[in-house]
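Let me begin by presenting the structure, written as structure tokens, before commenting on it.
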Amino acid sequence: EAQVTQNPRYLITVTGKKLTVTCSQNMNHEYMSWYRQDPGLGLRQIYYSMNVEVTDKGDVPEGYKVSRKEKRNFPLILESPSPNQTSLYFCASSPAGMNTEAFFGQGTRLTVV
Amino acid sequence: QKEVEQDPGPLSVPEGAIVSLNCTYSNSAFQYFMWYRQYSRKGPELLMYTYSSGNKEDGRFTAQVDKSSKYISLFIRDSQPSDSATYLCAMSGYNQGGKLIFGQGTELSVKP
């Protein structure tokens, strides 16, 4: 089954404790991205990657890091989480740019206290 | 001003009603227009995809794009309780680096 898998689905952490949210896709897609979803703001892009070892900032990259060492994986790293990073996070992949159909993961609900 | 504006609702309709969802946008470079549906506790899934202006129909769903007015719509005919979800419009263009710009989403509830 074609899918984008995120882990964990739910996470509560404390300010400053480094964490990683994993994302993996099994569709051999080149393009992957991370979004955060907040009430009243919709989905906003954090980082994206057009291929292995190629990443770039989206609209709200501050406080986040990513890496793309393999085509299928695109982890999101929060080096020092803060309460304003409490949000619902989605990983997405598409064959070649988000102009084509994007497949989203199930989401990770992160709470930073 | 946001690039994409969407009425967040919530919108409540009786089963069988025709539903109209709308978005306006300001960036004339947008060429790709999409509607995503998001059920509670799930990720968005693509519902309709339109390139440039015009209409597209898929079963009970019709997407319309009016680039001259910078206005897109999604119509749902014979709405069902299973259509209850949040509907997100999304747009992109050649100069967007492959990024989708989303509206805030409209929460729809279809009552039996």
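Residue pairs, Cβ under 7 Å, 6 or more apart or interchain, first in region B:65-84 and more than 18 Å from B:Asp7 (Cβ to Cβ), second surrounded by 18 or more Cβ atoms within 10 Å (Cβ to Cβ) and hydrophobic (A, V, I, L, M, F, W, C). List them.
Within 7 Å, the pairs are B:Gln80/B:Val110; B:Pro81/B:Val110.
Out of the residues in region A:56-96 meeting the condition of being of a type in the set (D, E, K, R) and within 11 Å of another protein chain (Cβ to nearest Cβ), tell me which one is surrounded by the fewest Cβ atoms within 10 Å (Cβ to Cβ). Show your work before the answer.
First pass over region A:56-96, keeping only residues of a type in the set (D, E, K, R): A:56-57, A:59, A:62, A:65, A:68-72, A:79.
Okay, now just the ones that are also within 11 Å of another protein chain (Cβ to nearest Cβ), so A:56-57, A:59.
Details: A:Asp56: 15, A:Lys57: 14, A:Asp59: 12.
Looking at the filtered set, the residue picked out is A:Asp59.
Being within 14 Å of another protein chain (Cβ to nearest Cβ) and part of a strand (DSSP E or B) is the filter; apply it to region A:98-113 and report the residue that is modelled with the lowest pLDDT. Step through it out loud before you land on a result.
The first filter runs over region A:98-113 and keeps only residues within 14 Å of another protein chain (Cβ to nearest Cβ), leaving A:98-109.
Narrowing further to those that are part of a strand (DSSP E or B): A:103-104, A:108-109.
Details: A:Phe103: 91, A:Phe104: 94, A:Thr108: 98, A:Arg109: 97.
Selected residue: A:Phe103.
From the list B:Arg77, B:Arg41, B:Arg37, exactly one residue is of a type in the set (Lys, Arg) and surrounded by 16 or more Cβ atoms within 10 Å (Cβ to Cβ). Which is it? Break it down stepwise before answering.
On the way: B:Arg77 fails: surrounded by 16 or more Cβ atoms within 10 Å (Cβ to Cβ); B:Arg41 fails: surrounded by 16 or more Cβ atoms within 10 Å (Cβ to Cβ).
Only one candidate passes the filter, namely B:Arg37.
Filter region A:89-105 for residues that are under 14 Å from A:Trp34 (Cβ atoms) and either in contact with a Ser or Thr (Cβ under 7 Å, 6 or more places away or on another chain) or not hydrophobic (A, V, I, L, M, F, W, C) (or both) and give the result.
Going through region A:89-105, the residues under 14 Å from A:Trp34 (Cβ atoms) turn out to be A:89-94, A:98, A:102-105.
Of everything in region A:89-105, those that are under 14 Å from A:Trp34 (Cβ atoms) and either in contact with a Ser or Thr (Cβ under 7 Å, 6 or more places away or on another chain) or not hydrophobic (A, V, I, L, M, F, W, C) (or both) turn out to be A:Tyr89, A:Ala92, A:Ser93, A:Ser94, A:Met98, A:Ala102, A:Phe103, A:Gly105.
Limited to region A:65-97, what total is found for residues that are free of Cβ contacts under 8 Å to residues at least 60 places away in the same chain and in a strand (DSSP E or B)?
Within region A:65-97, the first condition is being free of Cβ contacts under 8 Å to residues at least 60 places away in the same chain, and the residues that meet it are A:65-77, A:84-88.
With in a strand (DSSP E or B) added as a condition, the list becomes A:65-66, A:73, A:76-77, A:87-88.
Residues flagged as free of Cβ contacts under 8 Å to residues at least 60 places away in the same chain and in a strand (DSSP E or B) within region A:65-97 amount to 7.
Across region A:1-36, what is the number of residues that are part of a strand (DSSP E or B), out of contact with any Gly (no Cβ under 9 Å at 6 or more places or on another chain) and at pLDDT below 95?
The total comes to 1.
Got at least one residue in region B:32-52 being farther than 21 Å from A:Arg44 by Cβ and touching a helix residue (DSSP H, G or I) at 6+ places or on another chain (Cβ under 8 Å)?
no
Considering region A:26-55 alone, what residues qualify as being surrounded by fewer than 15 Cβ atoms within 10 Å (Cβ to Cβ) and at the interface with chain B (Cβ under 10 Å from one of its Cβ atoms)?
Within region A:26-55, A:Asp38, A:Pro39, A:Gly40, A:Leu41 meet the criteria.
Looking at region B:22-112, what strands (runs of 3 or more DSSP E) fall wholly within it and have at least 3 residues that are more than 30 Å from A:Asn51 (Cα to Cα), more than 14 Å from chain A (Cβ to nearest Cβ) and not hydroxyl-bearing (Ser, Thr, Tyr)? Give the derivation first.
Working: elements: B:30-38, B:45-51, B:54-58, B:61-66, B:71-76, B:85-93, B:106-111.
Fully inside region B:22-112 and qualifying: B:54-58, B:61-66, B:71-76, B:106-111.
Anything in region A:6-19 that is exposed (fewer than 14 other Cβ atoms within 10 Å of the Cβ) and farther than 10 Å from A:Thr108 by Cα? List them, or say none.
Passing the criteria: A:Ile12, A:Val14, A:Thr15, A:Gly16, A:Lys17, A:Lys18.
The values are calculated or read from the model by the stated rules, or taken from the named source; none is laboratory data. Bear in mind the structure is a predicted one, so any value in this text is a computation, not a measurement. Reconstructed Cβ throughout: ideal geometry from the backbone, glycine too, with neighbour counts over all protein chains shown.
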